[in-house]
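The values are calculated or read from the model by the stated rules, or taken from the named source; none is laboratory data. Values in this document were obtained by computation on a predicted structure and should not be read as measured data. For neighbour counting, all protein chains shown are included, and Cβ atoms are generated from backbone atoms with ideal geometry for every residue, glycine included. Only protein heavy atoms, including side chains, enter the accessible area calculation; ligands, DNA and RNA are left aside. Shrake-Rupley method; radii C 1.70, N 1.55, O 1.52, S 1.80 Å.
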Amino acid sequence: MDGQAHKPHRQAKKSKDKKKEHTGAPNPKAFTFTNPGKLAKHAARTHDIREKRLHVPLVDRVPDEPAPRLVTIVGPPGVGKTTLLKSLIRRYAKETISDPVGPITIVTSKKQRLTFVECPNELEAMVDIAKVADIVLLMIDGNYGFEMETMEFLNILAATGMPGNIFGVLTHLDLFRKPQALKDAKKRLKHRLWSELYQGAHLFYLSGVLNGRYPDREIHNLSRFLSVMKNPRPLVWRNSHPYSIIDNYRDVTHPTKIEEDEDCDRSIELSGYLRGTNFATEGQRIHIAGLGDFTIASMEALPDPCPTPAMEQALAKASGKTGKRRLDEKDKRLYAPMADRSGLKITGDHIVITRENGFAFDKDVEDVERGEGEQLIIDLQGERRLLGQTDHGVKLFASGEEITQVPEEVDTGRKGQRRARFAERGEWDDEGLPEDEGFVSGDDLDWPDVETEFNEQKLGKMFRKDADKTQDEDIAFADSDSDLGSLSSADEDLDSDDGDDDLNSNEEGAAVRWKDNMMQRAKMLHGKRQPYRAVDLARFMYDNSLSAKEALQKWRGEDEEEIEEDIEKEEDDTFFRRVGKEGDDDASEDRYIPKFDYEALARKWSTKDAIEALRTKFSTANLVDEAEGDDDEGEDDEDGESGEDEDDEGDGAFEDLETGESHGPEEAKYPEATLEAEREKNARRKEELKLRFEEEDREGFKNDKAVARREGGEEEFGEDDWYKSQKAMLQKQLDINKSEFESLDETQRASVEGFGAGKYAKIILEGVPAEFVNNFSAKVPIIVGGLSATEDRFGYVQVRIKKHRWHKKILKTGDPLIFSLGWRRFQSLPIYSISDSRIRNRMLKYTPEHMHCFGTFYGPLIAPNTSFVCFQSFSSANPGFRISATGTVLSVDESTEIVKKLKLTGTPSKIFKNTAFIKDMFNSPLEIAKFEGAAIKTVSGVRGQIKRALAKPEGHFRATFEDKILLSDIVFLRAWFPIKPHRFYNPATNLIGWHTMRSTGQIRRDEDLATPQLKNSQYRKIERATRRFNPLRVPRALAADLPFKSQIVQTKPQKKETYMQKRAVVVRGEEKKVRDLMQKLTTIRKDVVAKRRAKKEEKRAEYKKKTAEIEERLQNKEKRESKAYWEREGKKRKPGDAGGGGGKRRK
């Protein structure tokens, strides 16, 4: 046993010490797909979701201080729009407005404002509001459901551009008595709204009205959604056009014109926040919806009447103060110029002050609550006092102090009446001092007093201009305006007494006095920079060497400490000299060329790399060789090519154009370039231009990924990298534009860029009809839209149009139709057509029922892909759906090609085998010559061709056919006749009164006119003569030769009567009576059987009804028994029983 060999122990395959530790990375095999089909579906779905996020990148034109968001409240009458508007105003501004009309702007947060507009129940206003609304609150009567106005507005939004934020608001929910009915109505209306908008659209519920407003909690929920919403994707039309909604209106026409003619054209002033793109400073063409096209006479940016606290916080931070951390109640501003706010309402050019409990205009009465308008009247009352005068003094501002006396040392300006000043001529010595004529000494001139009395800074512009006017007396003249200078300012410190005439004794030999001491007077006048200048503020703000505090101090002039020192010179003149730090000179700040450290610049540009980097920025740089890395060859090629392109002027070489000989040095002659060399040269130029473009825009094309892709590398754009790069390119261009415009001051920027979005501006229009002022209503929104240069031209517009599926009637060609296209609403006469085999546009008399067609009308030229919506009438008397059609602009052109089918008919006059003479188709040989070679056809289908006209009679022509035709055939020619739309354009000016063009049928109905019956248009009875054809006669010889199958078989007439002729039965006597009786009995029997069958059906219906009731009672009984059984069993059973229950076991 000891020598027995044992089998060695087999070692395990995987030991614990060799087991790989878990790295924490996800296991790819654990979460993979076992089914390849499921993997493909998941990948496709993921790709679809990612593609839905991608849109064409648009330029983000939202400014830093954007205009308030426009919240529109839309709904049918009686649904609660005004109540909702009052509730929202109360929620945001803590203020109650009795009659909220017009746009109402409210500050809702530190950086956000909202403008609320109630849309009236007019189709014109709904169309205009749909073009500018940012947020739509769609009011729906929950007790009634969706009404026609709601569906019309949704379809208008879908056609003109659906905004990103549309909320449904259900009202009148307190009229439901049963909770289940309320729940079902909410669910039904919610799903109906989702089918019109999108799945998951928000729907808010307003239960009832308490104290004239909706419940605070429900309004609070709605306001939270309005406050936290993000900016949606901008619409293309709004992102490319300037527009504004007017919130204030004023008639600025001169009263004299109105007195002379009440119907004269007016000048009006419109104010509102600018939106979209920039308005041009001069010559901006606009369209006011419902009024017409105008050119802005003048435009001015006004202070923001409802600013956000963010701007005030920025100013406070710049001045060193601490900004606010929250929006206080007093900062929740409200701007509603057209609404009745605190008894004060501004309508047009007058102010209306209202109060329910009457007025108390007694100013001595105390403890009386007065509104804003009433207090204004009280303040205007009273005694004959000056503005700001009180019992104790003068008070100009409400927060200021009363001034009781004027300090003596304060310079009050001129002491006497203004008199003309003249340039004096006298005897002056070499040192510039006047001779002492009648004076004790030269010091008696008293220069400072004269300067104090006539200080230019204290004179208005009007007075300074008057001082420069020429006089009839002795005046100083100069060779030019620059030599004469300013008599109103510089001469004041050299004026002497008016009674001294000795200085003017020598007129010819005296010099003009203003030319002396020019340096001293220039220092006196311009030595000190004026504080609070807008130009200086712009320069100090963007000076990186100054902090915000230092910039403000420099702008205010606080850092300039001036020390007045009397410096006596030989001229005994007096002036002030500034004493400060060395190098702190105002002239350095006003330099056009800034001061640099030239030693540092010399060191920087002494390196070769810096010079090479700078060389690539110039147009003469050769970027092709730099990109390829061949520096030496690039220099040689560049020199060689530049010699060919350089002008020969100046080297003595020229060519005699008459003889063709060349003259000049031999170095000027170059060998003729071959075709390959020219191609290579052009290719190099294109490559260099491309590289230069890529050098300027590295993020677009010459970034690392693009270079790697061109060189064939593996690094390429990912799924979203290209989309992000395109957005980055747009953002980069925006940043470049912004940085360039920020370097300009406000005046220069407005002249170059225009008035940008977000500003509050005043627009003055001239030539407005007087009806606009007379019919003005604050409830109707006024939309001002800017027009581009193309949109101001008119021509033929080709569109793709489709009749709306809810419109009852199809549309007829030539009937007037109202288009809402762009900012305009106008009426035109469209012609409908369809593409006929892609060869021609064939006119249609009516629009197709369920498909698109082409339409052409005369109107303003609008960019392609612009959507529009059509109406037949804006009148609310039409109970049906008023939107007639929708469509898109395809192209614009000054001309159009639409053809109409035209059939010319004729009949043969003579027939010669395949040739025939045709008549009654043309009237003259000239018409026939135009249609020579045209294809013709008979009704039976025989084709032919027109040959030539006959000499006689006129209008007859010869035609050939593929077969012989008959005299009874009708020959017709199918031709095409060109149709042009009528040049009719009728703008919808509903704000000044507008009458639409009526169709012919409407005019006949309104005027009760009978439809004229044209003779050729009436249907008449067609009398066709009976045609008798001769029998076919075959000769006997030919019939005998026919084969057996084709032989003609004819039956000979029989001489005797046949059996069929003999078997006629005649009933007589009793047999006839018996047949008649049996027929009557059969009829009676059928009637009895029908009555019996009907009776059985009635009894069967009663039996079925009774059995159904019994079955229903049995089912109800079984339900009750089953319910009672399970109630008993449920009480018996416990969670711990084994028979059921999913409870936790107790241990």
Requested in this report: May I ask which of Lys110/Lys186; Lys901/Lys947; Lys1106/Lys1131; Lys131/Lys759; Lys903/Lys947 have a Cα-Cα span longer than 28 Å here?
Outcome: Lys110/Lys186; Lys1106/Lys1131
Query - Along principal axes, Cα extents of the stretch 806-898, largest first, whole Å - result: 43, 28, 20
Query raised in the report: With all protein chains present and a 1.4 Å probe, how do Thr907, Thr938 order by accessible area, largest first?
Result: Thr907, Thr938
**Report entry** Added length on full extension, which subtracts the Cα-Cα distance from 0.36 nm per residue, Lys779 to Lys1104
**Finding:** 110.6 nm
Query raised in the report: Separation between the Thr960 and Lys1062 pseudo-spin-labels, each 7 Å from Cα along Cα→Cβ, expressed in nm?
Result: 6.7 nm
Query raised in the report: How far, in nm, would the chain grow between Glu897 and Lys1015 when pulled straight, counting 0.36 nm per residue and subtracting the alpha carbon separation?
Result: 39.3 nm
Requested in this report: For Glu312, Glu688, Glu282, give the ranking by accessible area with the largest first, probe 1.4 Å.
Outcome: Glu282, Glu312, Glu688
Query raised in the report: Under a 1.4 angstrom probe, counting protein chains only, how are Thr253, Thr281 ranked by accessible area, largest first?
Result: Thr281, Thr253
Query - the stretch 990-1056 shape via C-alpha gyration tensor axes, a/c threshold 1.5 - result: prolate
Query raised in the report: What ranking, highest mean first, results for peptides 152-163, 799-810 when packing means the other Cβ atoms within 10 Å averaged over each residue?
Result: 152-163, 799-810
Query raised in the report: If you roll a 1.4 Å probe over the heavy atoms of the protein chains, what accessible area per residue do you get for the stretch 817-856, in Å²?
Result: 42 Å²
Requested in this report: Report the full-extension gain for the segment Ser876 to Ser227: residue separation times 0.36 nm, less the Cα-Cα distance, to one decimal in nm.
Outcome: 230.1 nm
Report task. Any chance you could look up the accessible area of Trp555 with a 1.4 Å probe, heavy atoms only, rounded to 10 Å²? Result -> 50 Å²
Query raised in the report: So for the pair Lys186, Leu54, with labels modelled 7 Å out along Cα→Cβ, what separation do we get in nm?
Result: 4.2 nm
Query raised in the report: Beyond 20 Å, what share of the Cα-Cα pairs of the stretch 183-274 remains, rounded to the nearest whole percent?
Result: 70 percent
Query raised in the report: For the stretch 869-941, which whole-number percentage of the solvent-accessible area (1.4 Å probe, protein heavy atoms only) is attributable to carbon and sulfur atoms?
Result: 51 percent
Report task. Give the accessible surface of the stretch 883-1041 per residue, rounded to a whole number of Å², with probe radius 1.4 Å and ligands, DNA and RNA excluded. Result -> 76 Å²
**Report entry** Where only alpha carbons of the stretch 1007-1098 are counted, the Rg and the Dmax (Å)
**Finding:** 31.5, 79
**Report entry** Net charge of neighbours whose Cβ lies under 10 Å from the Cβ of Gly75, counting Lys and Arg as +1 and Asp and Glu as -1
**Finding:** -3
Requested in this report: Give the accessible area for Arg69 in Å² (nearest 10); use a 1.4 Å probe, count only protein heavy atoms, and leave out ligands, DNA and RNA.
Outcome: 40 Å²
Report summary line: Reported to the nearest 10 Å², Thr996 has, with a 1.4 Å probe, an accessible area equal to 70 Å²
Report task. Quantify, in whole percent, the carbon and sulfur part of the accessible surface of the stretch 985-1093 (1.4 Å probe; protein heavy atoms only). Result -> 53 percent
Query raised in the report: Which distance in nm do the two modelled labels at Glu680 and Glu746 give, with both placed 7 Å along the Cα-to-Cβ direction?
Result: 6.2 nm
Query raised in the report: Ignoring any ligand, DNA or RNA, what whole percent of the accessible area of the stretch 168-311 comes from carbon and sulfur when the probe is 1.4 angstrom?
Result: 51 percent
**Report entry** Mean separation of Cα contacts under 8 Å (6+ apart) over length of the stretch 765-846, as relative contact order %
**Finding:** 18 percent
Report summary line: Among Lys111/Lys779; Lys549/Lys608; Lys41/Lys802; Lys809/Lys937; Lys52/Lys779, the pairs whose Cα-Cα distance exceeds 30 Å are Lys549/Lys608; Lys41/Lys802; Lys809/Lys937; Lys52/Lys779
Report task. Using only the Cα atoms of the stretch 749-890, construct the convex hull and provide its projected area averaged over every direction, in square nanometres to one decimal. Result -> 12.4 nm²
